[in-house]
Amino acid sequence: PSAMLRALLADVAASGTVTVLVFEDIHWIDEASLDVLTAMMRRIEGTGALVVVTHRFVEYDTALFRALGELDPRTTRSIGLEPLSANAVAELAGVDASTDLHHQTGGNPFFVIEMLSAADDGLPSTITSALLARLHRLAPPTQQLLELMSVVPTGATYELLDACMPDHPDACAPAQQRGMLVDTGAGLAFPHALMREAVEGALPPSRRRALHRRVLDHLLEVGADDARIVHHALNAGADDVLGERGPVAARAAAAAQSHREAIAHYERVLDLESAVDDETRAALLEEVAYEYWVQSRPHEAARAVQAAVELRETIGEPVALGATLRSAANL
């Protein structure tokens with residue numbers, strides 16, 4: 001290292017002009033090279049040289065952090081690169097609106113470019129590999145925390161984390177230091193959707209199902225929103241919960257004019273073979289038929305209401321059948 005340092009300084013001094021030295025990605029730097037770099041930067045004043053150093057802040061190790069922290073602030077400038085703005089992502093994408101892409105990537109340029117290159121082929125393997133490589137460098141408790149959070153799309157509240165993983169405060173620190181989790185004030189979340197999707201996608205099905213069940217049990221205990229309960233019940237295979245809460249969530253979405261969401265809830269419940277009785281199924285078919293009609297899907301509306309009529313005929317209640325036939329006629 002000392003010989004390399006002398007050679008660098010002599011080369012800079014002999015050039016007679018401004019010399020620019022670029023050190024790329026020094027979060028990968030070895031100890032000897034770090035010694036040379038920091039020694040040179042302490043002697044940089046008066047040499048006519050500019051040293052440009054790039055590194056990922058989230059990949060700091062202790063030695064690198066200490067070395068950069070000891071540099072003379074009079075001769076050092078630190079420039080943090082912010083994520084791309086929504087407008088910048090739109091310019092790269094060549095479209096007027098790229099809100100979804102910006103939300104997915106958090107404005108990370110690498111992720112944006114990779115997503116655009118992949119077109120509609122799903123999450124690119126380059127992104128998945130990069131994210132999972134960072135995940136696997138973490139200690140097991142931190143990995144387990146990230147796995148738990150990956151099944152909660154909207155981020156996990158501290159109340160949920162306290163219930164599902166009581167030791168999360170110690171486990172979350174390394175992930176926050178590496179930029180894999182952010183504090184939302186009410187809890188923790190991934191900085192962008194791609195990271196969550198990559199972690200969740202790598203889970204074995206049995207592990208994913210068990211994590212959804214753990215979250216579901218907590219949400220049922222605290223009386224959470226029906227839509228959240230339905231999401232986790234579906235992924236946990238809790239058909240009994242889905243059959244009970246699905247219709248409630250569907251009607252709430254319909255009342256809020258969220259017709260697509262309402263249809264999704266209705267369809268999940270109707271796909272279950274034994275979660276609801278014939279009377280309930282007939283009512284749900286009538287309700288989803290109306291939602292199809294509102295969404296300009298008349299053929300699906302007709303099929304749903306016809307299925308409701310057939311169920312009513314089987315049940316044998318003429319007044320209810322008459323009401324269903326009237327609905328069918330209106331549609």
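The values are calculated or read from the model by the stated rules, or taken from the named source; none is laboratory data. Here the structure is a predicted model, which is why all the values come from computation and not from measurement. Neighbour counts are summed over all protein chains in view; Cβ atoms, including those assigned to glycine, are modelled from backbone coordinates with ideal geometry. The protein model used for the area step is the full one, side chains on, heavy atoms only, and it has no ligands, DNA or RNA in it. Shrake-Rupley method; radii C 1.70, N 1.55, O 1.52, S 1.80 Å.
Search segment 1-19 for residues that are closer than 12 Å to ALA49 by Cβ and part of a helix (DSSP H, G or I) and pair each with any residue that is modelled with pLDDT under 85 and open to solvent by 90 Å² or more (accessible area, probe 1.4 Å) when their beta-carbon atoms are under 9 Å apart and the residues are at least 6 apart or on different chains.
LEU9/ARG43
Select the helices (runs of 4 or more DSSP H) contained entirely in segment 248-331, then report the ones holding at least 1 residues which are of a type in the set (Phe, Trp, Tyr) and under 20 Å from ALA238 (Cβ atoms).
Helices (runs of 4 or more DSSP H) meeting the threshold: 259-270.
Could you tell me whether any residue of segment 289-298 is at pLDDT 90 or above and farther than 21 Å from ILE263 by Cβ?
Within segment 289-298, not a single residue is at pLDDT 90 or above and farther than 21 Å from ILE263 by Cβ.
Report yes if some residue within segment 6-19 is under 43 Å from the mean Cα position of the chain (by Cα) and either at pLDDT below 80 or hydrophobic (A, V, I, L, M, F, W, C) (or both); otherwise report no.
The answer is no; no qualifying residue exists.
Given the residues VAL276, VAL248, VAL230, which is the only one that is within 30 Å of LEU148 (Cα to Cα), surrounded by fewer than 21 Cβ atoms within 10 Å (Cβ to Cβ) and of a type outside the set (Asp, Glu)?
Numbers: VAL276 fails: within 30 Å of LEU148 (Cα to Cα); VAL230 fails: surrounded by fewer than 21 Cβ atoms within 10 Å (Cβ to Cβ).
Only one candidate passes the filter, namely VAL248.
Restricting attention to segment 33-52, does a residue exist that is surrounded by 14 or more Cβ atoms within 10 Å (Cβ to Cβ) and closer than 29 Å to HIS192 by Cα?
no
Test VAL230 against the criterion of being of a type in the set (Val, Ile, Thr), out of contact with any helix residue (DSSP H, G or I) (no Cβ under 6 Å at 6 or more places or on another chain) and closer than 25 Å to GLY155 by Cβ, and give yes or no.
So VAL230 does not fit the description; no.
Given the conditions (1) in contact with a Leu (Cβ under 9 Å, 6 or more places away or on another chain); (2) within 25 Å of ARG228 (Cβ to Cβ); (3) not polar (S, T, N, Q), and given that GLU313 satisfies all but one, which numbered condition is not satisfied?
Unmet for GLU313, out of (1) in contact with a Leu (Cβ under 9 Å, 6 or more places away or on another chain); (2) within 25 Å of ARG228 (Cβ to Cβ); (3) not polar (S, T, N, Q): (2).
Please determine, by comparing only the residues of segment 164-219 that are open to solvent by 40 Å² or more (accessible area, probe 1.4 Å), among the hydrophobic types (A, V, I, L, M, F, W, C) and not in a helix (DSSP H, G or I), which one is nearest to LEU234 (Cα to Cα).
Taking the candidates together, the pick is ALA202.
Inside segment 140-151, can you point out the residues that are over 17 Å from ARG208 (Cβ atoms) and either hydroxyl-bearing (Ser, Thr, Tyr) or at pLDDT below 80 (or both)? I'd like the intermediate steps shown before the answer.
Step one: list which residues in segment 140-151 are over 17 Å from ARG208 (Cβ atoms), which gives 140-142.
Of everything in segment 140-151, just one residue is over 17 Å from ARG208 (Cβ atoms) and either hydroxyl-bearing (Ser, Thr, Tyr) or at pLDDT below 80 (or both), namely THR142.
Could you check, for segment 152-161, whether at least one of its residues is in a loop (DSSP other than H, G, I, E, B), modelled with pLDDT of 90 or more, under 18 Å from HIS232 (Cβ atoms) and touching a Leu at 6+ places or on another chain (Cβ under 6 Å)? Spell out how you get there, then give the answer.
Restricting attention to segment 152-161, the residues satisfying the condition of being in a loop (DSSP other than H, G, I, E, B) are 152-155.
Within this subset, residues satisfying the condition of being modelled with pLDDT of 90 or more are 152.
This time we only want the ones that are under 18 Å from HIS232 (Cβ atoms), so: 152.
Those still in the list that are touching a Leu at 6+ places or on another chain (Cβ under 6 Å) too: none.
Looking for residues that are in a loop (DSSP other than H, G, I, E, B), modelled with pLDDT of 90 or more, under 18 Å from HIS232 (Cβ atoms) and touching a Leu at 6+ places or on another chain (Cβ under 6 Å), one finds none in segment 152-161, hence no.
From the list ARG66, ARG74, exactly one residue is at pLDDT below 85, part of a loop (DSSP other than H, G, I, E, B), among the basic types (Lys, Arg) and open to solvent by 60 Å² or more (accessible area, probe 1.4 Å). Which is it?
Of the residues listed, the single one that is at pLDDT below 85, part of a loop (DSSP other than H, G, I, E, B), among the basic types (Lys, Arg) and open to solvent by 60 Å² or more (accessible area, probe 1.4 Å) is ARG74.
Okay, residues lined up against (1) in contact (Cβ under 8 Å) with a residue 60 or more places away in the chain; (2) open to solvent by 20 Å² or more (accessible area, probe 1.4 Å); (3) within 33 Å of the chain's Cα centre (by Cα); (4) more than 13 Å from PRO247 (Cα to Cα):
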position: ALA264; (1), (2), (3), (4): no, yes, yes, no
position: GLU267; (1), (2), (3), (4): no, yes, yes, no
position: THR280; (1), (2), (3), (4): no, yes, no, no
position: ALA283; (1), (2), (3), (4): no, yes, no, no
position: GLU286; (1), (2), (3), (4): no, yes, no, no
position: ARG297; (1), (2), (3), (4): no, yes, yes, yes
position: ALA302; (1), (2), (3), (4): no, yes, no, yes
position: VAL305; (1), (2), (3), (4): no, no, no, yes
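As an exercise: evaluate ALA3 against (1) more than 26 Å from GLN176 (Cβ to Cβ); (2) modelled with pLDDT of 85 or more; (3) in contact with a strand residue (DSSP E or B) (Cβ under 9 Å, 6 or more places away or on another chain) and give the number of the one condition it does not meet.
The number of the failed condition is (3).
Determine which single condition ASP240 fails, assuming it passes every other condition in (1) at pLDDT below 90; (2) open to solvent by less than 80 Å² (accessible area, probe 1.4 Å); (3) closer than 30 Å to SER206 by Cβ; (4) part of a helix (DSSP H, G or I).
Only one criterion in (1) at pLDDT below 90; (2) open to solvent by less than 80 Å² (accessible area, probe 1.4 Å); (3) closer than 30 Å to SER206 by Cβ; (4) part of a helix (DSSP H, G or I) is unmet by ASP240, namely (2).
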